[in-house]
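Undergrad: The structure under discussion is supplied below as structure tokens; questions concerning it will follow.
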Amino acid sequence: MLKGIATSGGIAIGKVFKYETPVIDIKEAKGDTTAELKVLEDALAKTNADIEKVKERAAANLSEEELAIFDAHLMMVNDPEYTGQMKNMINDGYKADWACKVISDQMIAMFESLEDAYFKERAADIRDVSFRLTCNILGVQIPDLTAIDEEVVIVANELTPSDTAQLNKKLCLGFCTEIGGRTSHSAIMAVSLGIPAVVGTTGILANAKHGDMIIVDSIDGDVVINPTKEEIEKYSAKNAKYLEEKEALKVLVNEESQSKDGHKIDIAGNIGTPKDVENVIKNGAEGVGLYRTEFLYMDSKGGFPTEDEQYEAYKVVLEDMKGKRVVVRTLDIGGDKKLDYFTFEEEMNPFLGYRAIRLCLDRKDIFRTQIRALLRASIYGKLAIMFPMIATVNEFLDAKALVLEEKENLIKEGQKVSDEIEIGMMVEIPAAAVLADEFAKYADFFSIGTNDLIQYSMAADRMSEKVAYLYQPLNPSILRLVKMTIDGAHSQGKWCGMCGEMAGDPLAAPVLLGLGLDEFSMSASSVLRTRKMIKELNYSDMKVMAEKAMKCHTCEEVTEMVKEVLK
Ligand code: PEP
Ligand code: MG
């Protein structure tokens, strides 16, 4: 049995679909001209057919404009200039794989050297097509998530947010990744989709083969490859119990989130797309506490989503939430979240680099489009806008000023904008937590992003399973930062929420209640479990416990104390 990090609860049992990009190393080599020309012709025909197939499957989900990318790829495979140069090299005695590599590399370098952003991006298309063609020349299988047509458990090194976006949720029973921690984006996506997933499972790629049976236990982090009949029975029974408990929570859907002694908090849901609202409502959340809008940008094909496209998405969410608060986070791109159509310059530490609000304040054209879309949508519900990765008061003031400027512009243009929009910020950089009382003079609210706050406080990459032990939400240092942030907000009469994974952590909730957190925002699937717990606790007792927790020395001490109280 292998051990990884449990994320979303539940257990998946099924057949392994191994999602691994083949590593290809091509060396210069000569071969038989006639045979190699045939290899190339066959590979070109197969590549053509493969792209047609992918296009056909994607047609159901993509617009005409988005599908055009496949036509561009087809044109490239059939481009006589591109294929003709390869044939020339083969006629000079080279093997087909080497000819494909040399000619493709030349074309990529040529496009990348051009100033025009459009042509620069075409280099990525050639890379895509030539990779597919090379694999077909060598007879190497390319795993394709969109080609899955039966129920499977995906095994991968890591699933990026755009991989997860391609998944057919009905056929993906669960997944297991080699790398990643509790707050890596693949883990967060799994939680929001309600798919059992275990991440950071060292050894899974070496041990699991395509087609093996596998058990992925996302309650305790167990992964069993080719289980025995007894093991399947044991884990099936465990899953049935888990599902039964989940079902029993449904009676709490319409209840308030209030402690036994009457202290009321809000439990909100985190969403990545407008479709996720359905689950938020189904689980009786009291609002949306975090709308990660970057998924709108990651799903957009061929360029940034337009103002109108964004307006439609925000409007739907606000309308569907029927007057309950929706906190929309402005674009948080960079770090591990990349866009197909935007080139980030190489940085040594992308998580500490050009991302989120830093990028938006530098590229105001991109930022303004999003803000205008949000302001226009604001009349359809209760909108709160929040900026990610704020480190300094000036960053917050600049971002807020841009919102107010666009509001004025829209009104001048004759558009309606709500007068009740709250403008707040995420507290996910320790500098902001420490200075929270000053920020609170300008921000309407805070939402603590513990995924990043813990990563930056502990100097421990949230993507790395090697340092995953430093993800310690209950470390007294983190609790003190959280307390500073909450107190900072309250000192100016503002509210403070939390939208990092810590908010939905059953061991953290009692402490957060005691620290005075006003809003807990989490994956929709955790809402009812948290509400049940809050209803069974006394706020006054939790206040005493939280004070004690902040005076502890270690995360283990706090954990023990909470477990004792929960007994
Ligand atoms: C966080 O950092 O806690 C957060 C909610 O943002 P993200 O996970 O998207 O970085
Ligand atoms: Mg963050």
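Undergrad: Out of Ala35, Ala29, which single residue is modelled with pLDDT of 95 or more, loosely packed, with under 13 Cβ neighbours inside 10 Å and either under 21 Å from Val140 (Cα atoms) or not assigned by TED's automatic domain parsing to the domain that holds Leu296 (or both)?
TA: Ala35
Undergrad: Return yes or no: is Asp336 under 22 Å from Ile188 (Cβ atoms), within 16 Å of ligand 1 (Cβ to nearest atom), outside the structural domain of Thr164 (by TED's automatic domain parsing) and touching a residue at least 60 places away in the same chain (Cβ under 8 Å)?
TA: yes
Undergrad: Mind listing whichever residues of region 267-283 are farther than 24 Å from Asp336 by Cβ and assigned to a strand (DSSP E or B)?
TA: Ile267, Ala268
Undergrad: Filtering region 1-46 down to residues that are within 30 Å of Val198 (Cα to Cα) and among the β-branched types (Val, Ile, Thr), which residue is nearest to the chain's Cα centre (by Cα)?
TA: If we take residues in region 1-46 being within 30 Å of Val198 (Cα to Cα) and among the β-branched types (Val, Ile, Thr), then Thr7 is nearest to the chain's Cα centre (by Cα).
Undergrad: Let me ask you something else. Looking only at region 431-456, which residues are buried (at least 20 other Cβ atoms within 10 Å of the Cβ), in a loop (DSSP other than H, G, I, E, B) and more than 16 Å from ligand 2 (Cβ to nearest atom)?
TA: Ala440, Ala443
Undergrad: With the requirement that a residue be in a loop (DSSP other than H, G, I, E, B) and at pLDDT 95 or above, what does region 284-303 give you?
TA: Within region 284-303, Gly284, Ala285, Glu286, Gly287, Thr293 qualify.
Undergrad: Could you tell me whether Gly174 is under 22 Å from Lys282 (Cα atoms) and more than 15 Å from the chain's Cα centre (by Cα)?
TA: Against the criterion (under 22 Å from Lys282 (Cα atoms) and more than 15 Å from the chain's Cα centre (by Cα)), Gly174 qualifies.
Undergrad: Would a scan of region 57-65 turn up a residue that is assigned to a helix (DSSP H, G or I), under 21 Å from Pro143 (Cβ atoms) and at pLDDT 85 or above?
TA: no
Undergrad: Does Thr228 qualify as being in contact (Cβ under 8 Å) with a residue 12 or more places away in the chain, β-branched (Val, Ile, Thr) and out of contact with any Pro (no Cβ under 7 Å at 6 or more places or on another chain)?
TA: Spelling it out, it is not the case that Thr228 is in contact (Cβ under 8 Å) with a residue 12 or more places away in the chain, β-branched (Val, Ile, Thr) and out of contact with any Pro (no Cβ under 7 Å at 6 or more places or on another chain).
Undergrad: Then there is this: Considering only region 117-168, how many residues are more than 18 Å from Val54 (Cβ to Cβ), at pLDDT below 80 and of a type in the set (D, E, K, R)?
TA: Of the residues in region 117-168, 3 are more than 18 Å from Val54 (Cβ to Cβ), at pLDDT below 80 and of a type in the set (D, E, K, R).
Undergrad: Would you please name the residue that is farthest from Arg329 (Cα to Cα), looking only at residues in region 384-422 that are touching a Phe, Trp or Tyr at 6+ places or on another chain (Cβ under 8 Å) and more than 16 Å from ligand 2 (Cβ to nearest atom)?
TA: Out of the qualifying residues, it is Val393.
Undergrad: Take the residues of region 493-518 that are out of contact with any helix residue (DSSP H, G or I) (no Cβ under 7 Å at 6 or more places or on another chain) and open to solvent by 10 Å² or more (accessible area, probe 1.4 Å): which is nearest to Met425 (Cα to Cα)?
TA: Checked region 493-518; the qualifying residue nearest to Met425 (Cα to Cα) is Lys494.
Condition check ((1) within 16 Å of ligand 1 (Cβ to nearest atom); (2) in contact with a Ser or Thr (Cβ under 8 Å, 6 or more places away or on another chain); (3) modelled with pLDDT of 95 or more) across all residues:
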{"position": "Glu438", "(1), (2), (3)": "no, no, yes"}
{"position": "Ser447", "(1), (2), (3)": "yes, yes, yes"}
{"position": "Ser457", "(1), (2), (3)": "yes, yes, yes"}
{"position": "Asp461", "(1), (2), (3)": "yes, no, no"}
{"position": "Arg480", "(1), (2), (3)": "no, no, yes"}
{"position": "Thr485", "(1), (2), (3)": "yes, no, yes"}
{"position": "Cys499", "(1), (2), (3)": "yes, yes, yes"}
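Undergrad: Hey, among Thr177, Thr134, which residue is of a type in the set (Ser, Thr, Tyr), farther than 30 Å from Ile5 by Cα and open to solvent by less than 20 Å² (accessible area, probe 1.4 Å)?
TA: Unique residue meeting the criteria: Thr134.
Undergrad: In this structure, does Gly93 turn out to be surrounded by fewer than 17 Cβ atoms within 10 Å (Cβ to Cβ) and at positive phi?
TA: The answer is yes for Gly93.
Undergrad: Going by the structure shown, is Thr293 within 25 Å of the chain's Cα centre (by Cα), within 16 Å of ligand 2 (Cβ to nearest atom) and outside the structural domain of Val155 (by TED's automatic domain parsing)?
TA: Spelling it out, Thr293 is indeed within 25 Å of the chain's Cα centre (by Cα), within 16 Å of ligand 2 (Cβ to nearest atom) and outside the structural domain of Val155 (by TED's automatic domain parsing).
Undergrad: While we're on this one: Would you check which residues across region 260-282 are touching a residue at least 24 places away in the same chain (Cβ under 8 Å), out of contact with any Lys or Arg (no Cβ under 7 Å at 6 or more places or on another chain) and farther than 25 Å from Thr330 by Cα and list them?
TA: Correct list: Asp261, Gly262, His263, Lys282.
Undergrad: At pLDDT below 95 and part of a helix (DSSP H, G or I): does that describe Val467?
TA: Yes, satisfied.
Undergrad: Same structure again: Taking region 457-477 as the search range and keeping residues that are within 16 Å of ligand 2 (Cβ to nearest atom) and closer than 22 Å to Gly514 by Cβ, which one is surrounded by the most Cβ atoms within 10 Å (Cβ to Cβ)?
TA: Pro473
Undergrad: Could you grab the pairs with beta carbons closer than 6 Å, sequence gap of 6+ or different chains, first residue in region 441-454 and farther than 23 Å from Lys382 by Cβ and touching a residue at least 12 places away in the same chain (Cβ under 8 Å), second one more than 10 Å from ligand 2 (Cβ to nearest atom) and part of a helix (DSSP H, G or I)?
TA: Note: pairs meeting the criteria are Thr450/Met502; Asn451/Glu501; Ile454/Ile478.
Undergrad: Also, quick follow-up: I want to confirm something. Restricting to region 412-430 and keeping residues that are within 16 Å of ligand 1 (Cβ to nearest atom) and among the β-branched types (Val, Ile, Thr), which single residue is most open to solvent (accessible area, probe 1.4 Å)?
TA: The qualifying residue most open to solvent (accessible area, probe 1.4 Å) is Ile429.
Undergrad: Something else about it: Only one of (1) within 16 Å of ligand 2 (Cβ to nearest atom); (2) open to solvent by 10 Å² or more (accessible area, probe 1.4 Å) is not met by Thr485, so which one is it?
TA: (2)
Undergrad: Let me ask something else about it. Could you tell me whether Leu331 is open to solvent by 10 Å² or more (accessible area, probe 1.4 Å), among the aliphatic types (A, V, I, L, M) and within 14 Å of ligand 1 (Cβ to nearest atom)?
TA: In short, no.
Undergrad: Restricting attention to region 423-439, which residues are closer than 19 Å to Thr330 by Cα and of a type in the set (A, V, I, L, M)?
TA: Matches in region 423-439: Ile423, Met425, Met426, Val427, Ile429, Ala432.
Undergrad: What helices (runs of 4 or more DSSP H) completely inside region 347-430 contain at least 1 residues that are of a type in the set (Asp, Glu), over 18 Å from Phe446 (Cβ atoms) and at pLDDT below 95?
TA: So the answer is none; nothing clears 1.
Undergrad: While we're on this one: From the list Phe344, Phe304, Phe367, pick out the single residue that is without any contact (Cβ under 8 Å) to a residue 24 or more places away in the chain and either within 25 Å of Glu112 (Cβ to Cβ) or more than 16 Å from ligand 1 (Cβ to nearest atom) (or both).
TA: Answer to the check: Phe344.
The values are calculated or read from the model by the stated rules, or taken from the named source; none is laboratory data. Treat the numbers as computed from the prediction; the structure is a model and nothing was measured. A quick note on method: Cβ atoms are made from the backbone with ideal geometry, for glycine too, and the neighbour counts reach across all protein chains shown. Note: areas computed on protein heavy atoms with side chains; ligands, DNA, RNA excluded. Shrake-Rupley method; radii C 1.70, N 1.55, O 1.52, S 1.80 Å.
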